[in-house]
1. Label segment B:57-164 by shape, choosing from rounded, prolate and oblate, from the square roots a ≥ b ≥ c of the eigenvalues of the Cα gyration tensor; if a/c is under 1.5 it is rounded, and otherwise prolate applies when a/b is larger than b/c, oblate when it is not.
2. Filter the chymotrypsin sites (Phe, Trp or Tyr not before Pro) in segment B:26-86 down to the DSSP loop ones having no more than 14 other Cβ atoms within 10 Å, then list what survives.
3. With an 8 Å cut-off on Cα pairs and a minimum separation of 6 or more residues, tell me the relative contact order of chain B in percent.
4. Counting other C-beta atoms within 10 Å, which of B:138, B:112 has the fewest, and how do the rest follow?
5. In percent, what relative contact order does segment A:302-363 have, based on Cα pairs under 8 Å that are 6 or more apart in sequence?
6. Check the straight Cα-Cα distances from residue A:124 and name the lysines below 17 Å, setting aside those fewer than 8 residues away within the same chain.
7. Near the amide H of residue A:216, under 5 Å away, which other amide H atoms are found, from residues 5 or more places off or on another chain, if H is placed in the peptide plane?
8. Report the paramagnetic label zone for residue A:120: residues of segment A:149-188 whose backbone N is under 18 Å from a point 7 Å from Cα along the Cα-to-Cβ axis.
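What follows is calculated from the coordinates using simple rules that are stated; it is not laboratory data. These numbers come from a predicted model, not from an experiment. Note that we place each Cβ from the backbone using ideal geometry, even for glycine, and neighbour counts take in every protein chain shown.
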Amino acid sequence: MSQSQGTQPFVLFDNVQKSYDGITLVVKSFNLGIDKGEFITLLGPSGSGKTTCLMMLAGFETATHGDIFLDGRSINNIPPHKRGIGMVFQNYALFPHMTVAENLAFPLEVRGMTQTEREDKVRKALDMVQMGKFGGRRPAQLSGGQQQRIALARALVFEPSLVLMDEPLGALDKQLREHMQFEIKHLHEHLGITVVYVTHDQSEALTMSDRIAVFNDGIVQQLARPADLYERPSNSFVAQFIGENNKLKGIVKDLKGETALVEFTNGQQAEALAVNCEGIGKPTLCSIRPERVRIGSQAGMYATEGKVLELIYLGDHIRCRMSVYGDDSFIVKIPNAGDGTMLSVGQTIRVGWDKNDCRALDA
Amino acid sequence: MEQLQTLNGVPLKKQIARALFKQKVRALLLIAPLLIFILITFVIPIADMLMRSIDNSIVSQTLPQTTTSLESWDPKTAQLPDEATYTALYNDLKQAVEQKNHTKLGTRLNYENSGMSSLFRKVGKDVSKMKEGVSYKEQFLAADKAWGDLNTWNLFKLYSPKYTDGYFLAALDMKKTPDGIQRLPESERIYLNLFARTIFMSLLITALCLVLGYPIAWLLANLPMRTSNLLMILVLLPFWTSLLVRTSAWKVLLQQQGVINDILVWLGVISHSGRLELINNQLGTLIAMTHILLPFMILPLYSVMRTIPPSYLRAAKSLGATDWTAFWRVYFPQTVAGIGAGAILTFILAIGYYITPELVGGTQGTFISNRIAYHISSSLNWGMAAALGTILLTLVLVLYWVYDKIVGIDKVKLG
């Protein structure tokens, strides 16, 4: 490497490609730099190549092309057990024939630590995940959440500077999952480790990550901070994958700087923020978040007519499906303000949004 | 604790039993044919065979008066029995000769002392010639001097009870004498050696099956579906081939003029005169039996290995373990259940194997079961066969028990 240590990120994927069968590429071209102490999430639907990237970093898969650098060194030819990377697996992979304490002592043992050193570290690691009393149990005697904590402790006990997590919360129920998200986040902040986290759950990714790489079809669609990803998706896949979105199909009629004039399927036209338009005359998909749509027209907002088709009462808000610009599945989230303004099905009302909230993306 | 009752006051347990009775009867009826079949073809014959190993009623049935009379005779006096006993012997034999039972008794007693068979065959004629009123003792002594031999009478007395441990003693290379139980002279001992050889060879075969089968089971469990299916067919193929065909195939391969020797000579590894003896000895039994029993080791191993997710090995490696440590500390302990199941299956099959050792074992490679078969079909000493079989059964049960103590039978998993 010609780059000096100072400028190179802690982990670097440099034009990495991966193919299993020599016919199709699972990972098409992966470039990613991860700084020390960062929490990066690889997010994408199953089969998008995110786990493959993680496995290449862990050393269980070899890159077909390209280099992976860890702390300035190329690790392509370093076997997994010499990489010193902690890993938490989807099914925890706690060794069933060992007790919890033996599981935790295993990485220390293979590193040749003395008995007293091991016991000390195992105790500290167990305390760290609030499982101090469970050292003598077998993994099968623990609940899913407890196993998950042990798996976490085992990946951290030998103090790796990089920890990989492969959908570690996938098997937990919703409440426990949310609780564990915070715990992992706190551990990450507390220990200052670098975490590469793989998940297909977007809310998990948004909650925990410093940056998120959205995968689809072997390509990183967008790499951004959670807020940017949600507020400013750069293409229609990301817009649809992260959160809920209204998709209005249309054709670009005019492009003026950042503003695109779009003609929708019912012939009506509207202005939108041009983010990813291919050019005049090309199809586009305008995306608007349901919670950014307002009922009634307000100053400085773009407004149009919509017909209410369906109302679903959800307590804190009301989900309203309506027909806007010829699209019958346009959703509006109306906060339940308690002011008694109730809509009725069949009613035609005015809806509006900030022009910048309507993003014209690739179709 | 108060007993729960139904609403109309019947104890709950009784009511449950009543409600389930019909179901139980129906279930029992469904398995009844199999139950009866097993009872008739398996349990009863085995029980009968076990009884034969101690059954000795032939002596007291053929010579009822003599055995009663001998009860008061003490062999330690070194005196022949009195006239009354000889009279009793005459009466017994006269009846036995009429019913033609005397040669059967001769055959039975010949197991214990050779010469008895001819003595009893001859006595048929002698008895018919004997006159009443004259001392039977003198007539018997005149007919054959064996009747005046203390050993003959010792034998009668030793084997007059209805049940005997004689077969078991013989199966353990021991003999009953008036001075108590003694070991046979070195040159006549065969069974203990045979038992030892059977156990040793079975253990060796089990170990070989494990060493050869473990990697194959691993491949089966870890290769892609298509390849592993093909491999599985190769493993199962021997199951679909007749045992005799497989064993004969080994004969073709291993004999001195066989394929393997021919190839070795052709390659110049061995000289024509130095052809290897690969069959009709222990080596032949070892090779053929290992081949035949291999699937019984591979299948339980495979079914256990299939349930071990590859993430365990990955986890171990990510924690810093080398390939070997990951295997030995993480993978291997989880396959112990399969090893247990495979080993116990292979060993128990091996210890009672008959056909293969018979065909390829020669004289040195035969097992105890070959000896049992010999006593069943050639020497017709069923009591001996039964005793050997009982010892073999006990041995297997004891080993099973030891295995349970060391490994734990609940750890054995077939899938």
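1. Rounded is the answer for segment B:57-164, as its axis ratio a/c remains below 1.5.
2. Passing sites in segment B:26-86 do not exist.
3. 17
4. B:138, B:112
5. This gives 38 percent for segment A:302-363.
6. Cα-Cα hits under 17 Å: A:133.
7. A:221
8. A:157-160
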